[in-house]
Amino acid sequence: MTDSKYFTTTKKGEIFELKAELNSDKKEKKKEAVKKVIASMTVGKDVSALFPDVVNCMQTDNLELKKLVYLYLMNYAKSQPDMAIMAVNTFVKDCEDPNPLIRALAVRTMGCIRVDKITEYLCEPLRKCLKDEDPYVRKTAAVCVAKLHDINAQLVEDQGFLDTLKDLISDSNPMVVANAVAALSEIAESHPNSNLLDLNPQTINKLLTALNECTEWGQIFILDCLANYTPRDDRESQSICERVTPRLSHANSAVVLSAVKVLMKFMEMLPKDLDYYGTLLKKLAPPLVTLLSAEPELQYVALRNINLIVQKRPEILKHEMKVFFVKYNDPIYVKLEKLDIMIRLASQANIAQVLAELKEYATEVDVDFVRKAVRAIGRCAIKVEQSAERCVSTLLDLIQTKVNYVVQEAIVVIKDIFRKYPNKYESVIATLCENLDSLDEPEARAAMIWIVGEYAERIDNADELLESFLEGFHDESTQVQLQLLTAIVKLFLKKPTETQELVQQVLSLATQDSDNPDLRDRGYIYWRLLSTDPVAAKEVVLAEKPLISEETDLIEPTLLEELICHIGTLASVYHKPPSAFVEGSRGVQHRRIPPRAGSVESAESPDVGQSGSSEAPPAVIPSQGDLLGDLLNLDLAPPTSTVPSVQPSMQMGAMDLLGGGLDSLLGGDIGGSPSMGAGLGAAPTVMPAALGGAPAVGGGLGDLFDLGGGVGMPTGFYVVPKTMWLPAMKAKGLEISGTFARRGGIIQMDMSLTNKAMSVMTDFAIQFNRNSFGMAPAGPLQVLTPLSPNQTIDVSLPLSTNGPVMKMEPLNNLQVAVKNNIDVFYFSCQFPLSLLFVEDGKMERQVFLATWKDIPNDNEAQFQIKDVHLNSDAASNKLQGSNIFTIAKRTVEGQDMLYQSIKLTNSIWVLAEMRVQTGNPNYTLSIKCRAPEVCQFVYQCYEMVLKN
Amino acid sequence: MIGGLFIYNHKGEVLISRVYRDDIGRNAVDAFRVNVIHARQQVRSPVTNIARTSFFHVKRSNIWLAAVTKQNVNAAMVFEFLYKMCDVMTAYFGKISEENIKNNFVLIYELLDEILDFGYPQNSETGALKTFITQQGIKGQTKEEQSQITSQVTGQIGWRREGIKYRRNELFLDVLESVNLLMSPQGQVLSAHVSGRVVMKSYLSGMPECKFGMNDKIVIDKQGKGGTTDEAAGKSSGKQSIAIDDCTFHQCVRLSKFDSERSISFIPPDGEYELMRYRTTKDIILPFRVIPLVREVGRTKLEVKVVIKSNFKPSLLAQKIEVRIPTPLNTSGVQVICMKGKAKYKASENAIVWKIKRMAGMKESQISAEIELLPTNDKKKWARPPISMNFEVPFAPSGLKVRYLKVFESKLNYSDHDVIKWVRYIGRSGIYETRC
């Protein structure tokens, strides 16, 4: 006999018939009828009219029938509250049944009947069942408390059920413990302030014991609950970790992921130098890899979580790149996630392999996947500088395939590559322009327009290209319109003569014919700029852009921390905090990783450690409804800070006071171009002072030079002792001090990098802003090993002078951006001009004479060098060491006249006449140069060399 | 927690609908049907959020199982539960099909009531469930029987019931491995790994305590160091030991004991179950080597020669060997000659399929084919997909060996020696590819 026939009744008057059957005397017939009712209910028919008849069947000793009736009750009780009362008696009676299965069934069903009138009748039976002798009844009753709480929270509290539930945590049966923990965790979530889950070392110990004994599901409840606990100290957290690690070998992936969550959270508290810490890191990788051989849906959940774990602790999986390679028959959602992780793990060591794979993927069938693969190639280029060239050529190959979406995607990423490596790959522009007509997606069109505008001076027909876009201006998307407007203004500023008409046209299109306020505003601003001050316009529109950083899609650190605390859950799948997708008060609690005891972090934020029990910590994470608050926060609190919003500004102030002298010395350096200032963002209070204080800095630095004792090299190039360039507190723990030297004709930047943070720093890179003499790193910053906490490493960076040139103020100012795995940091420093004095700077006498006469006297500057106790020959020797060459010496009336020449790397000659009077410690120096700005700095070099 | 559980047929008609939480309404059933089952596009994610309600789904043949929630549930747990649900249903009534589900809907509701309470998964071991969810009623049970059931369902050993008796105590161990390979045309191994499972069928009386031992490198090395026994034996077994990258166990295995002593001890469920899974990547025995040779003769002809060599003891026989040689899309005709087995060009699959029933170790065989191509003006070159292979061999390519499986049952009078034990090794090809 099969049950499927129940699904097929479609007769009219069916309800009527059923009614008759339900009231039949024959048990079998009754049961048949109830089955039919349930089948109708399943397919969505309304059978509530049969309520009294079905409830009448409840009084039976046939358990199967009873269960069916209960199922019906749960569905319809709410719609027939008055009739539902009829069922109460049966429940009360069943709760006293000698058969524990029946008792449990009654208490389980009771909680599912959401009728207020009934709930109060159920308290007494529930109380009894919570103390039942049979564990099966107790574990069911524990869940029933959570059900009741969902219906009437007040009632549960008043009846003291919560305390009974808490007692069940100490129950002898592991499953009762697990269900009690689950129920309490859920109730606690809706009462963030209550001290319900009062976790202390004793209860934790009980939970850890039950963990070994209960079902796989129970283990998940317990592990998820443990994750909310904050251990007192690192010893406690180590001992918990030790007892949780065996779970990593469980066959149930959810147990593994929940164990990973506990470990990821608690290991934060362990000292990094502990042996156990390293062991734990090693233990985490294999189970995570094993998760990838689970069913595809679980793989997806695992991959979303691995994505978070890789961002938090890249070291765990850095050698496991291969397991994330996409398999041909992976479902698309697994493929896309694997791709994401591949990019995150890409490094110089494995980039060749990754690129080969990505190229393979770019020829697959699924459009989204192909697009993402192309985008990934671009991201590799930006992330791993050494691979940039190969990535670009791979992208060019892909453009040659002429597959429309591949071409468009490639152009979008090439734009990013240009933003990262300006002036390096412009040779490909011609190829890109060939594909102009095939672009139909806004993002690709916008990217292409940006490229044309940015490199307008190198594209002969830039005006024609942009004009072609202009024809359908109003049909374009806003993104394209804005980009087109900017690009044409750039073009105009670069080639003003030929493009006046074009710019007029676009400005009027944007301002007069458009309804879009953003477009109009931008149009007006350009218009006004161009009409009032074209020079200023040039400075604004063509200003140096900050380089894009490699990982633009990293999850914001506070959110990442919260998500790490939600490993395994939906939040970790969506990469959103629970408040973003859970309604009501549930799950809005923000979780955070406890800091290490005694670490700097804990000193900063006294409110940690209460995350489970106290009020939810202030929301730093932008929740959806909180946009306005977030905007307001923006000025006060830098988004990178993990402390609540009020504190940072206060701390800034404090830091400023403390760092007083140091800050005013170095603070000035931060000024720089406005764009850099904005990028810095972290020190709003320092900014104004810094800008104003700039002139003073030179002097201050000079003083430093004075002080720096006479170590140096006696005959060679004089090296200034290292000075602090970047204090640790401005760079999240990275401290940089350094100096410059010229050795064997090569300029070198000698730096000491110190890690004063708690975590390892890796992936260092350096870049200079344009500067007066085109100094640029000649190679990558060679920091081969990761920089562990409290470690200092000395590096020498060779510099070239072939970089882009822009006049700086002061002239010898150098703005530097240093990047590591944590962030990008900016500082500026000043180099002694003598760095640029080249070895072949000795001029022919005749030429010297002629040049000296040739340079107008207005360009001559005179200086006094005081307190030099050297005779003229010694001085001349000393200066020669720094490539200041004495061409001739004349003695007139006891005065030695030294004629000297200097050549700078950019072939500017500086001529000098130094007068030394025997017995007088003060020298007189006259400097003549076609670029008089340098005189001051040349004088400083003299002063520096002679006095050391 | 899980708010509701729905089962649909391929048309999106509801077969089972069980709601556990008040926040899940009837409209959730329809939302999933409209947005996922009837969606025009291929499914892009196993987790879907529709109007702040999250749907987790898995598919078995053409049946959809969906779990619904409005909370931040443990997503891994939900999927594990759905798989478990499928296992339980299969154990009760066989294949998951529309017909079977309709025929057993009352049973399914009863199961759903038992294994999911207020959305919290409860004991879902079929062994335990079958003792009291029977569709026959539980009228005849004595009080003792009832409490035995409840203590088993909630107890520490939820997967096994007391009082099992067999006249003959017997157990079967199957070591099932799938070996995966990606090889370059020059014969260089690009990646290779074995994923293995130890499946056990136990027919043992009482509550036997079992201990499983294999040639795990860590264990053998430890013994070699600690033991003062025969050094030569230690050495030779040390050679045969294998490095296991990672392993996971059935919930009956005492994990803390494995973590501390690396010993595998457990009380097994009755009947068939999967004791452990493992992965290895080192020193894998690759049963077959494929040597491809592809030559393009002009624009309209390809010559393919593939040699396969078996690389294991000559006394062993590999079975079900199949070599799949991809052909270009513009293939117009194929001529094949093979020394052994049968080969056919399958136009619909764009491949030459070469099948050999049996092949002994240390042998080699060869196929050569001439492929005629239609001239095309497609600029894109043929991507040359890898040659793949399927086979089955009677040994474990990882080198894993079962050293012992000891059975102790102190209460009943049978000893380890009385148990009849069978061990079988089967190595199958996973993704076994050679680029050409």
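Just for region A:108-159: of the residues that are over 15 Å from B:Tyr120 (Cα atoms), of a type in the set (Val, Ile, Thr) and crowded, with 22+ Cβ neighbours inside 10 Å, which one is farthest from the other protein chains (Cβ to nearest Cβ)? Across region A:108-159, the extreme among qualifying residues is A:Val156.
As a summary of the residue check, B:Val419 satisfies the conditions (1) in contact (Cβ under 8 Å) with a residue 40 or more places away in the chain; (2) assigned by the TED database to the domain that holds B:Lys313; (3) not basic (Lys, Arg) except for the one numbered (2).
A:Pro246: facing chain B (nearest Cβ under 10 Å) and either closer than 23 Å to B:Ile2 by Cα or crowded, with 22+ Cβ neighbours inside 10 Å (or both), yes or no? No, not satisfied. Of all residues in region A:415-433, which are part of a helix (DSSP H, G or I) and in contact (Cβ under 8 Å) with a residue 60 or more places away in the chain? Those that are part of a helix (DSSP H, G or I) and in contact (Cβ under 8 Å) with a residue 60 or more places away in the chain: A:Asp416, A:Arg419, A:Lys420.
Which one of A:Asp97, A:Asp132 is under 23 Å from A:Asp163 (Cβ atoms) and in a loop (DSSP other than H, G, I, E, B)? Please lay out each step first, then the result.
Numbers: A:Asp97 fails: under 23 Å from A:Asp163 (Cβ atoms).
Every option except A:Asp132 fails the conditions.
Annotation for region B:398-408: no member residue is in the same structural domain as B:Asp216 (by the TED database), touching a residue at least 40 places away in the same chain (Cβ under 8 Å) and more than 21 Å from B:Ser263 (Cα to Cα).
Taking A:Asp794, is it touching a residue at least 40 places away in the same chain (Cβ under 8 Å), surrounded by fewer than 17 Cβ atoms within 10 Å (Cβ to Cβ) and assigned to a loop (DSSP other than H, G, I, E, B)? Step through it out loud before you land on a result.
Values: touching a residue at least 40 places away in the same chain (Cβ under 8 Å): yes; surrounded by fewer than 17 Cβ atoms within 10 Å (Cβ to Cβ): yes; assigned to a loop (DSSP other than H, G, I, E, B): no.
Against the criterion (touching a residue at least 40 places away in the same chain (Cβ under 8 Å), surrounded by fewer than 17 Cβ atoms within 10 Å (Cβ to Cβ) and assigned to a loop (DSSP other than H, G, I, E, B)), A:Asp794 does not qualify.
Every listed requirement among (1) in contact (Cβ under 8 Å) with a residue 24 or more places away in the chain; (2) more than 8 Å from chain A (Cβ to nearest Cβ); (3) part of a loop (DSSP other than H, G, I, E, B) is met by B:Met1 save one, (2).
Residues in region B:55-77 that are closer than 18 Å to A:Pro331 by Cβ and at the interface with chain A (Cβ under 10 Å from one of its Cβ atoms) were compared, and the one that is surrounded by the most Cβ atoms within 10 Å (Cβ to Cβ) is B:Ala75.
I'd like the residue in region B:394-436 that is part of a loop (DSSP other than H, G, I, E, B), of a type in the set (Lys, Arg) and more than 14 Å from chain A (Cβ to nearest Cβ) and, out of all such residues, is surrounded by the fewest Cβ atoms within 10 Å (Cβ to Cβ).
Per the stated criteria, the residue is B:Lys411.
The sole residue among A:Thr486, A:Thr499, A:Thr532, A:Thr552 that is among the β-branched types (Val, Ile, Thr) and at pLDDT 90 or above is A:Thr486. Within region B:4-21, being closer than 16 Å to B:Thr53 by Cα and away from chain A (no Cβ under 11 Å) holds for B:Gly4, B:Leu5.
Only residues that are within 12 Å of chain B (Cβ to nearest Cβ) and part of a loop (DSSP other than H, G, I, E, B): list them for region A:28-48, please.
Narrowing region A:28-48 to residues within 12 Å of chain B (Cβ to nearest Cβ): A:31-32, A:34-46.
A:Val43, A:Gly44, A:Lys45, A:Asp46 - these are the residues of region A:28-48 that are within 12 Å of chain B (Cβ to nearest Cβ) and part of a loop (DSSP other than H, G, I, E, B).
Of all residues in region A:497-536, how many are in contact (Cβ under 8 Å) with a residue 24 or more places away in the chain, over 38 Å from the mean Cα position of the chain (by Cα) and under 17 Å from A:Glu464 (Cα atoms)? Total meeting the criteria: 5.
Considering region B:34-54, the residues that are touching a residue at least 24 places away in the same chain (Cβ under 8 Å) and within 11 Å of chain A (Cβ to nearest Cβ) include one that is nearest to A:Lys147 (Cα to Cα), namely B:Thr53. The residues listed here are B:Lys84, B:Lys95; of these, the one that is more than 8 Å from chain A (Cβ to nearest Cβ), of a type in the set (Lys, Arg) and within 30 Å of A:Ile306 (Cα to Cα) is B:Lys84.
Pick out the one residue from A:Asp397, A:Asp340, A:Asp368, A:Asp330 that is within 14 Å of chain B (Cβ to nearest Cβ) and within 19 Å of the chain's Cα centre (by Cα).
Working: A:Asp397 fails: within 19 Å of the chain's Cα centre (by Cα); A:Asp368 fails: within 19 Å of the chain's Cα centre (by Cα); A:Asp330 fails: within 19 Å of the chain's Cα centre (by Cα).
Just one listed residue meets the conditions, A:Asp340.
So for region A:87-97 (the condition being touching a residue at least 40 places away in the same chain (Cβ under 8 Å) and under 25 Å from A:Gly44 (Cβ atoms)), does at least one residue qualify? Scanning region A:87-97 turns up no residue that is touching a residue at least 40 places away in the same chain (Cβ under 8 Å) and under 25 Å from A:Gly44 (Cβ atoms). Considering region B:107-134, the residues that are under 25 Å from B:Tyr203 (Cβ atoms) and within 7 Å of chain A (Cβ to nearest Cβ) include one that is surrounded by the fewest Cβ atoms within 10 Å (Cβ to Cβ), namely B:Phe132. Checked against (1) within 14 Å of another protein chain (Cβ to nearest Cβ); (2) touching a Leu at 6+ places or on another chain (Cβ under 6 Å); (3) hydrophobic (A, V, I, L, M, F, W, C), A:Leu263 passes all but a single condition, namely (2).
In region A:237-258, the qualifying residues are those that are in contact with a Ser or Thr (Cβ under 8 Å, 6 or more places away or on another chain) and outside any helix (DSSP H, G or I), and the one that is farthest from A:Leu207 (Cα to Cα) is A:Ala251. Looking across region B:150-197, the residues that are of a type in the set (D, E, K, R) and either part of a loop (DSSP other than H, G, I, E, B) or at the interface with chain A (Cβ under 9 Å from one of its Cβ atoms) (or both) come down to B:Arg160, B:Arg161, B:Glu162, B:Lys165, B:Arg167, B:Arg168.
Would region A:308-315 turn up any residue that is touching a strand residue (DSSP E or B) at 6+ places or on another chain (Cβ under 7 Å), of a type outside the set (Ser, Thr, Tyr) and modelled with pLDDT under 95?
No: region A:308-315 contains no residue that is touching a strand residue (DSSP E or B) at 6+ places or on another chain (Cβ under 7 Å), of a type outside the set (Ser, Thr, Tyr) and modelled with pLDDT under 95.
Scanning region A:101-122 for residues that are modelled with pLDDT under 90 and not in a loop (DSSP other than H, G, I, E, B) returns A:Leu101, A:Ile102, A:Met110, A:Asp116, A:Lys117, A:Ile118, A:Thr119, A:Glu120, A:Tyr121, A:Leu122. Of all the listed residues (A:Thr363, A:Thr394), the sole one being polar (S, T, N, Q), on the phi < 0 side of the Ramachandran plot and crowded, with 19+ Cβ neighbours inside 10 Å is A:Thr394.
Which of the residues that make up region A:917-928 are out of contact with any Leu (no Cβ under 7 Å at 6 or more places or on another chain) and touching a residue at least 12 places away in the same chain (Cβ under 8 Å)?
From region A:917-928, those out of contact with any Leu (no Cβ under 7 Å at 6 or more places or on another chain) are A:917-927; that's our starting set.
Passing the criteria: A:Gln917, A:Thr918, A:Pro921, A:Asn922, A:Tyr923, A:Thr924, A:Leu925, A:Ser926, A:Ile927.
The values are calculated or read from the model by the stated rules, or taken from the named source; none is laboratory data. Not measured: the values here are computed from a predicted model. For neighbour counting, all protein chains shown are included, and Cβ atoms are generated from backbone atoms with ideal geometry for every residue, glycine included.
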